[in-house]
Every structure is written in structure tokens, then in C-alpha cells.
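First comes the structure, then the notes that go with it.
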Amino acid sequence: MVMEISCEEVWREVSNYLDDEITPELRARMREHFKGCKHCTAVLDGTRNVVQLVGDAKSFELPAGFSDRLYQKLDRKLSKDSQL
Amino acid sequence: MHGAQLSPEDTKASTKRGNVKRVAQLDPTQGHEILEMGAPPGSLATTSAVLTKRQGAASEAELIERVLRGDDEAFRELVHPCEHAVFMATQVILNNEADAEDAAQEAVLKAFTNLAKFRGDSKFSTWLIRIATNEALMRLRKQRHQKLHDSFDEQREGEEGDYVPRDFADWREIPSEALQTEELRQALSQALASLTPKHREVFVLRDVQHFTIEETAKLLGIGKSAVKTRLLRARLQMRDALAPGMDGSWSTGRRDYEQVRPW
């Protein structure tokens, strides 16, 4: 039988739960809480989705022509340096 | 934390993200590992071994040597695999494409000028991303100083109490049709902009750039517990900003998402 945990405590630890930065004991208590609390489950799912979403490189794109402009700038610097 | 039992609902996130020495592949087509910190100083041999995984590609150490001997083309080869990560590092902090591109370019030029100072105790990409992050943070701080009336930010900077989720909109799945849409990018960008700079930088390093908590703490010169506290707030705030639209309301224009509050 695990000790109960409040919603507030769960919110404080939800990020550490995802990162596995909590003790197995707290993990078990939280898991038990999620079973019976749809609000906290929604917070957990949503937070996990945020992490997955922003971790997906496809969510951020390089602007068109980024590489070209970068190397043009680099070339300009290189030719300036070589003139010194 | 190692070997902890994972419930089925955990594995989705954990297997994807791992938590120890996660190697971020920001662009899978590059087949190039972006992060691998923690090699002992001077262990260039080990680092090169990891780096030469890409068949036929010159090792990082070799490329750096060539650049230092005056082979400018080798520098392009060194930078090319990290372009995306460098831009992301500046974009997510500055939240403005033109500024971010400028900062990214500046970071690459600085890396070139200071390459002789690179010690090889981290990967070149890590070092370059750190330069880019610093460049972006410096510009962000400058911008904030210019905004004399930016008291909103300052006021929120002071909040260190518990962050309470604003609503409990159910967001079980990321709708696949929402991925890679312009709306999603805009929503993300707005949500990121809603974070204070100090929460944004932690969130970006950890969740966008996939640095570990320890690496994030090192990069920012703060403690691990501060990273965790800021990360929690940032993630919850991002969820609050994104969840209400995630059931499709921002892609369909519908605004009647389910708002559930326990009080």
C-alpha cells in the first residue's frame, strides 16, 4: 500500500517524473495517483507531449538560404583576414 | 534512476528521450551525433573514435587540425553538420528569425576565430552550440536593457513559488496532422515567447537541444536544482500555452476546448 500524494505535490514533481529524477518510492506514489486523478494525468500527458514536440527537430526549420548566407559571410571574413 | 521500472505510459517518453548520455540527432539524415559531453580533457583519441563513425568522413580532430593549418574548406565541413542546431540554439532564445540568423552567423565566425582555443574536451558541436547560446543570451540581455518599460518580465522573474497548471484540457495525443504545420510553429514560437528568459534558456537547452540536466546546469553556471525548478515551470507553462489548442482548436479555429478545473 503506497502513501497517498496530493495533486499539488504531483505538479511539483511532474517534470522530475518525466526525467526520471525521482526516487522509485515517489514514482510509485505518483503512478498510483495518476490512476485515480484525470486532471493530473492530463497534466502529465500534456507535459510529456510538450517535451516530445519541442524535441522534434521538425518543429523548427532553418530559414531558406541560411547555409548560403552563412558561408558567404564566412568567405567575406576569410578574404578580409587574408588581406591583413 | 537507472533500471527503474517503467510503466507502459512512461516508456513512450523515456525510450524516445532516454535520460543518460542521450545523444541528440537533431537531423537524422546527417547521421552525426550532436552531443557527447563528458569525455575527459585531452582524450582526443576517444572523441575522434566516436566521430569517425560516419564512414569516410574525416574526424573532427583531423578537420580542426586542417583548419588550423589554413585549410578553410575544412571549417565548412566541420560546421555543416551543426548548422541546424546552432540556428535552433539562437532562434529559441531570441524568438526572431532575423536576429537568430545574425547571432548564429556571429557564433560561427567567433568559433572560427577562436578555434585554436578549442581544447577538444567536448565535441566541436557542443562547443559551437555553447558559443551560439552565449551569443543569443547576450543579445537577449541587451534587448531587455533597451526595453526600459519591460517590467512585466521583471515582475515574473521574481516568481519562485509553485506553478499551478491553469487548466486541465486533455491532451492525450499530438494530432499527427498538426505536426509540421505553420500553425504549430507559430504556436510553439508564441508559447516560447511567453516564458521568461531564464526559464526559456533552461527549457531550450534541456528539451530542445537535449542537453542533460547536468550539462544544462554547467552551461548556464547554475545548480542542478535550479535547472529542475525552472524546467518544471517552463514545461508546465508551455503545456498551458499549447494544450488548449492541441485538441485541434488552433488548427480548426475552434475555441471550445474542454476546460477542466478541479476548483
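The values are calculated or read from the model by the stated rules, or taken from the named source; none is laboratory data. Keep in mind that what you see is a predicted model, and the values were worked out from it rather than measured. Neighbour counts run over all protein chains shown; Cβ positions are idealised from the backbone, glycine included.
Considering each of B:LEU109, B:LEU128 in turn, give the residue that is in a helix (DSSP H, G or I), surrounded by 21 or more Cβ atoms within 10 Å (Cβ to Cβ) and not assigned by TED's automatic domain parsing to the domain that holds B:LEU192.
B:LEU128
Does the range B:112-125 hold any residues that are in a helix (DSSP H, G or I), over 15 Å from B:GLY70 (Cα atoms) and not aromatic (Phe, Trp, Tyr), and which are they?
Correct list: B:LYS117, B:SER125.
Regarding the range A:4-23, can at least one residue be identified that is at pLDDT below 90 and more than 7 Å from chain B (Cβ to nearest Cβ)?
yes
Show the residue pairs meeting these rules: Cβ distance below 7 Å; 6+ apart or different chains; first residue within the range B:55-82 and closer than 18 Å to B:GLU106 by Cα and in a helix (DSSP H, G or I); second residue among the β-branched types (Val, Ile, Thr) and modelled with pLDDT of 90 or more.
B:PHE75/B:VAL67; B:LEU78/B:ILE64; B:LEU78/B:VAL67; B:VAL79/B:VAL108
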